[in-house]
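Please read the structure below before turning to the comments.
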Amino acid sequence: MKKVAFCLLALYLIIVVLVLFFDQKPAQEIAILHVKSNRAVLLGSAEECLDVVLYLSDTDSFFTDEQNIVSVMIQDDNQLVAASVRSILLDSRPVIIDTTRYYPFTFQLVFDQVISSGGQLIFFHPHCLFTYQNEELLDIEMGDLTLSFMEISPIEHLDFTRLYGMMNTSSDRQFLNGIVIGLKKYPLGDISLESFESTLPNLLLDLSQAQIIAEPISPFTDISELLQKPYFPILSEESVLSTSLILKAEETLLFIPIFYRDLTLKTEQFPLVIHYSYAGNAYTFILDDFIYYQDHDYKLASESDVWEYLYRY
Amino acid sequence: MKKIIIIAILSCWMIPTVLIHVQAEEYTNYQEIIFENDEAKLLKEYSSVDYSAYYDQMNKSRFMGWKLLIVTQNEPVEFVSETKLRIFNNGFSTIKHDVELTTKAETKYQISASGSISTSLKGDIKKFKGTLDADIKASVSYAETLTTSESYRFTIIVDPKTYVTIITRGLGEINNGVAKNYFFWIETKRGGWETFSVTTEYYEIVKEKIR
C-alpha cells in the first residue's frame, strides 16, 4: 500500500513539473543581432541583391514576415537609397550565444526602384531601416557600404589567373593585409597598371609597394618580409598611393599590400577595379566582389562588431 | 561450460576494442591539416601503442556512464580543404558563370570516432551517440557561428579552353582523446573521439588553361 501511495505521489510530482515546464508564457522579447562589416558589393543587374543577415531569437515574428515590411532604406548622413525585400530566408541552423538560440535570417534586398547603371553609392556608417506595418522601425547599424551598379568586364586585354587574400594573424584581430593576383595580358605590347581600387574608401591597395612574385605564397606569410620593412596597416590621411606598374611578361603574379584608414571593422569582400592603359588609351577591368575570407567563430567577433537590439512587447 | 560462456561474453566486449576503425568525416580527407603544435596528432594517426597508453591512464573504473581522456584540447590547425568548385569551358566562346559560395553547417563542425564509439546524425549535424556528446561539449569549447553573410555570389567570365577552380584554406581547432563507457563498473565500450571546428575560411580562385 505504501508503495502504491509513493508511486502515485511520484507520478503527481512528475506531472506538476511537466505542466509547469510546458505551460510557460511565450517570450516577451525578441533579441536581434547583426554582425557589422565593411562591404563593397557589385550589382551587375536589377536581379542581384544585397544580403543582410539578422540573427533573431524568434522564428515566428512580424520582423521576418515580408508582407509586414512597408519600406526599406539604407542611409547615412548624406545620402539614402530605397530598397525592396525580395525574400527573407532561414536556411541555416541556429546558433546558441549566452544560452539564447539565434536563427540566421537572410534579408535579400534589391534596388530595383533606383538602379543606376554605372553609378556608385558610398555610405559611411550607414543604417538599414525597415519600417513595418505596425509602425515599428528596425534601425540596423551597418559597416561602411559601397554599392557599385556596374557589370564585370569582358576579357579584352587583361584577365586574372589567380586571386586570394593575405591574412594578418599575428594580432588579436584578423584582417587582410594584401592580395595575390595573377594577371595575364593578351596583347604583345606592354600594359601599364595605373591603380587598383577596392571601391571602399577605407581600404586601399598600394600599387607603389606591389611586388612581382615568382610563385604563389602562403596566405599566412609575414608580409614585412615581402615588403622588406615593417608593415603598419593604418594609413595616414596624407598618404597618396599612386604609381604605375608595367606588365611586360605574358603572365605576372603580383602581391599588393593593403592599407586601411581605420581597422574598426573587418572587410571580407570587395570587387577590384583595375585601371590600366594600353597603346595610349585608358581602360578599366572590373572583377566581381570576391569573398577573401570568412570568420566562422563567434569568439572572433569583438563586441563593437555586433549590433544588438531587444524588442519588448 | 560457465567458463566458456564467460570467455565468449568477454570476447564480444573485446572485439570492438581491438578493431580500431575510424568513422571519419570529410575533414580527415582534406589535402592538408597542419597543427601549430608539432606533437599534436589527428585521431586517425593514433597508433595502437597510443591507444594502449591512453587507456592505461584511465584504469580506474566508474559506476556508470562515460569517462573521458582529453589528449588534444583546442589545438589550432591550418588546413587546405577540398576543391569547392571546378568549371571547365571546353567550348569555343567565352562563358559567364554565377558562382555561389556557401559553407554548410556540416563543414563548420565535424566529428570522428573510433573503436566502439559511434556517431549519429541529428538534423544536419553529426553527434556522438549517447551521453558522450554532452560530456565532450562540456569538456572542450567549440565555435559558435555568427557570420556576416551566409552565402556569397561571384560572377566570373571563363575563356574558351580554360577551367576555374575555387579552393578553400582555413584555420580551425581540433579536440580529441579516448573514452570508456561503464555499466556497473564493467567496461562496455571504448574508443577514440575527435571534434574539428572551422574558425576562419579563406578562398582562392585560380584560372588555368586546359592542357
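Given the residues A:ASP112, A:ASP98, which is the only one that is open to solvent by 80 Å² or more (accessible area, probe 1.4 Å) and on the phi > 0 side of the Ramachandran plot?
The match here is A:ASP98.
Kindly indicate the residue of the range B:102-133 that is part of a strand (DSSP E or B), within 30 Å of A:GLN269 (Cβ to Cβ) and open to solvent by 10 Å² or more (accessible area, probe 1.4 Å) and also modelled with the highest pLDDT among those meeting that condition.
Result: B:TYR109.
Could you please let me know if A:ASN168 is within 21 Å of the chain's Cα centre (by Cα), modelled with pLDDT of 90 or more, among the polar types (S, T, N, Q) and in the same structural domain as A:PRO257 (by TED's automatic domain parsing)?
Here the answer is no, as A:ASN168 does not meet what is asked.
Which one of the conditions (1) part of a loop (DSSP other than H, G, I, E, B); (2) of a type in the set (Val, Ile, Thr); (3) under 18 Å from the mean Cα position of the chain (by Cα) does A:ILE179 fail to meet, given that it meets all the rest?
Of the numbered conditions (1) part of a loop (DSSP other than H, G, I, E, B); (2) of a type in the set (Val, Ile, Thr); (3) under 18 Å from the mean Cα position of the chain (by Cα), the odd one out for A:ILE179 is (1).
Out of all the residues in the range A:26-49, which are open to solvent by less than 30 Å² (accessible area, probe 1.4 Å), over 25 Å from A:ARG101 (Cα atoms) and either aliphatic (A, V, I, L, M) or not assigned by TED's automatic domain parsing to the domain that holds A:PHE105 (or both)?
Result: A:ALA40, A:VAL41, A:LEU42, A:LEU43.
What is the number of the single condition among (1) surrounded by 13 or more Cβ atoms within 10 Å (Cβ to Cβ); (2) closer than 25 Å to A:PRO271 by Cα; (3) in contact with a helix residue (DSSP H, G or I) (Cβ under 9 Å, 6 or more places away or on another chain); (4) within 14 Å of chain B (Cβ to nearest Cβ) that A:VAL85 does not meet?
(4)
When you go through (1) within 27 Å of A:VAL95 (Cα to Cα); (2) open to solvent by 60 Å² or more (accessible area, probe 1.4 Å) one by one for B:ARG62, which number turns out not to apply?
(1)
Taking the stated definitions as given, is A:LEU158 open to solvent by less than 10 Å² (accessible area, probe 1.4 Å), away from every other protein chain (no Cβ under 11 Å) and within 22 Å of A:TYR278 (Cβ to Cβ)?
When the stated conditions are applied, A:LEU158 passes them.
Which residue pairs have Cβ atoms closer than 7 Å, lie 6 or more positions apart in sequence or on different chains, and pair a first residue in the range A:29-49 that is over 20 Å from A:ILE122 (Cβ atoms) and within 12 Å of chain B (Cβ to nearest Cβ) with a second residue that is part of a loop (DSSP other than H, G, I, E, B) and open to solvent by 10 Å² or more (accessible area, probe 1.4 Å)?
A:VAL35/A:ALA301
Checking A:ASP77 against (1) over 19 Å from A:SER45 (Cα atoms); (2) assigned to a strand (DSSP E or B); (3) away from every other protein chain (no Cβ under 13 Å), which single condition isn't satisfied?
(2)
From the set of residues in the range A:171-195 that are at pLDDT below 90 and hydrophobic (A, V, I, L, M, F, W, C), which is farthest from A:ASP289 (Cα to Cα)?
Among residues in the range A:171-195 that are at pLDDT below 90 and hydrophobic (A, V, I, L, M, F, W, C), the one farthest from A:ASP289 (Cα to Cα) is A:LEU188.
Hey, can you tell me all the residues within the range A:192-216 that are open to solvent by 40 Å² or more (accessible area, probe 1.4 Å) and either of a type in the set (Gly, Ala, Ser) or over 30 Å from A:ILE122 (Cα atoms) (or both)?
Those that are open to solvent by 40 Å² or more (accessible area, probe 1.4 Å) and either of a type in the set (Gly, Ala, Ser) or over 30 Å from A:ILE122 (Cα atoms) (or both): A:SER208, A:ILE212, A:ALA214, A:GLU215, A:PRO216.
For the range A:161-183, what are the residues that are touching a Lys or Arg at 6+ places or on another chain (Cβ under 8 Å) and open to solvent by 10 Å² or more (accessible area, probe 1.4 Å)?
A:THR161, A:ARG162, A:ARG173, A:GLN174, A:PHE175 - these are the residues of the range A:161-183 that are touching a Lys or Arg at 6+ places or on another chain (Cβ under 8 Å) and open to solvent by 10 Å² or more (accessible area, probe 1.4 Å).
Pick out the one residue from B:VAL49, B:VAL71 that is free of Cβ contacts under 8 Å to residues at least 24 places away in the same chain and open to solvent by 30 Å² or more (accessible area, probe 1.4 Å).
Answer to the check: B:VAL49.
Within the bounds of the range B:185-194, is there any residue that is under 30 Å from A:ARG101 (Cβ atoms), touching a helix residue (DSSP H, G or I) at 6+ places or on another chain (Cβ under 6 Å) and modelled with pLDDT under 85?
There is no residue in the range B:185-194 that is under 30 Å from A:ARG101 (Cβ atoms), touching a helix residue (DSSP H, G or I) at 6+ places or on another chain (Cβ under 6 Å) and modelled with pLDDT under 85.
Just name the residue that is modelled with the highest pLDDT out of those in the range A:219-268 that are within 14 Å of chain B (Cβ to nearest Cβ) and over 21 Å from B:VAL206 (Cα atoms).
Only one residue fits best here, namely A:THR267.
Which pairs do you get when a residue that is within 30 Å of B:TRP66 (Cβ to Cβ) and within 7 Å of chain A (Cβ to nearest Cβ), found in the range B:193-210, comes within reach of a residue that is open to solvent by 10 Å² or more (accessible area, probe 1.4 Å) and part of a strand (DSSP E or B), reach meaning Cβ atoms under 6 angstrom, with the pair 6+ apart or on two chains?
So the pair list comes out as B:THR199/B:LEU171.
Within the range A:133-148, which residues are of a type outside the set (Val, Ile, Thr) and more than 14 Å from chain B (Cβ to nearest Cβ)?
Within the range A:133-148, A:GLN133, A:ASN134, A:GLU135, A:GLU136, A:LEU137, A:LEU138, A:ASP139, A:LEU147 qualify.
Taking the range A:139-149 as the region of interest, how many residues are surrounded by 20 or more Cβ atoms within 10 Å (Cβ to Cβ) and either more than 27 Å from A:GLU48 (Cβ to Cβ) or not β-branched (Val, Ile, Thr) (or both)?
Result for the range A:139-149: 7.
The values are calculated or read from the model by the stated rules, or taken from the named source; none is laboratory data. None of the values given here were measured: they were computed from a predicted structure. Backbone-built Cβ (ideal geometry, glycine too); neighbour counts: all protein chains shown. These area figures cover heavy atoms from the full protein model, side chains too; ligands, DNA and RNA do not enter into them. Shrake-Rupley method; radii C 1.70, N 1.55, O 1.52, S 1.80 Å.
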